[in-house]
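Data block below; observations after.
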Amino acid sequence: MKRFDLRHLKNDFYTRMLELMDKQIAPEETAIIMFEIGDFSNIQKSADVIYEAGYTLMNSIKFNEVDWTLVVKKVKPEPAEREHQDDERKAVAVESAKDE
């Protein structure tokens with residue numbers, strides 16, 4: 001487990017966060033990443049960036065009044081609920097088409 005403090009980057013930490021996950025974290029290893037909250041949009045965007053990069057967001061918590069902490073594991077994330085529901089709908093549609 002490694003800890004990275006990206007608070008000094010303010011709202012421009014996403015590229016560095018992904019670079020660290022890619023180069024400094026071994027497969028199945030966990031990283032703790034701290035960043036400045038800013039206007040709160042960083043919180044959701046960081047979760048989206050982590051998911052889209054293929055990592056698992058294990059926890060996302062407020063550290064103090066201005067800082068946020070992510071716990072990220074370098075493993076493929078489970079499908080998002082929406083994706084899972086879409087897959088189920090496709091399977092039902094395929095089964096219905098077979099019955100016709």
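Here, each number is a calculation from the coordinates, and none is a lab measurement. These figures come from a predicted structure and were not determined experimentally. Note that each Cβ is placed from the backbone with ideal geometry, even for glycine, and that neighbours are counted across all protein chains shown.
Here are the numbers for the structure shown:
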| quantity | calculated |
| --- | --- |
| For residue 29, distant residues with modelled amide H under 5 Å away | 74 |
| Stretchable slack from residue 15 to residue 53, in nm (0.36 nm times residue separation minus alpha-carbon distance) | 12.6 nm |
| Label-point gap, in nm, between residue 78 and residue 36 - each point 7 angstrom along Cα→Cβ | 3.6 |
